[in-house]
Structures are given as structure tokens and as C-alpha cells.
Amino acid sequence: MKKDKNLTFAYFVRNFSIVIGLVLIWRGIWYILDELDILIFNKGHIWTALGGIAIGLLILYIPDKDLKEIEKL
């Protein structure tokens, strides 16, 4: 049986550290946005949620002028 060279401990550690880094960045952004929601919109979660959806759709739409990224979900 041939052993795959890509599946080493170093490969696992590298990819795991990338995942942890991305999660920590997302966690930080999440808390910053929660604080902005409290400071600017006085805990108006519905408005910031709708605004977030609109901005997210706009970010997905602008580069390709379509929303095909949503089909991948």
C-alpha cells in the first residue's frame, strides 16, 4: 500500500492552525460588530441583521455580477 505524502503530521498541524486562525478572526469580528450594534443602533438587532444580509449579498454580487456563490451552499 502506497502512503500519501500529503497526509503527514506537519500537514495536519498546518491546516489545523489555519482553521483555528480563521475561527479566531471571525470571533473577533463578531464581537466588534456586536459592540457596534450596541453603541450605534442601541441593540437594534433586526436592523443590523438586515443590513448585514444586504451588505453580504452586495459583496457576493459585485465581483462577478451574479450570486452563483449562494448556489454552492
Among (1) loosely packed, with under 10 Cβ neighbours inside 10 Å; (2) assigned to a helix (DSSP H, G or I); (3) modelled with pLDDT under 90, the one test that D34 misses: (1)
Criterion (of a type in the set (S, T, Y) and under 14 Å from the mean Cα position of the chain (by Cα)) met by exactly one of Y61, Y11, Y31: Y31
Matching residues, region 37-73, being of a type in the set (S, T, N, Q) and surrounded by 12 or more Cβ atoms within 10 Å (Cβ to Cβ): T48
Test: residue in region 39-56 that is modelled with pLDDT under 85 and within 15 Å of the chain's Cα centre (by Cα): no
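The values are calculated or read from the model by the stated rules, or taken from the named source; none is laboratory data. Remember, it's a predicted structure, so these values are computed and weren't measured experimentally. Virtual Cβ from ideal backbone geometry, glycine too; neighbours counted across all protein chains shown.
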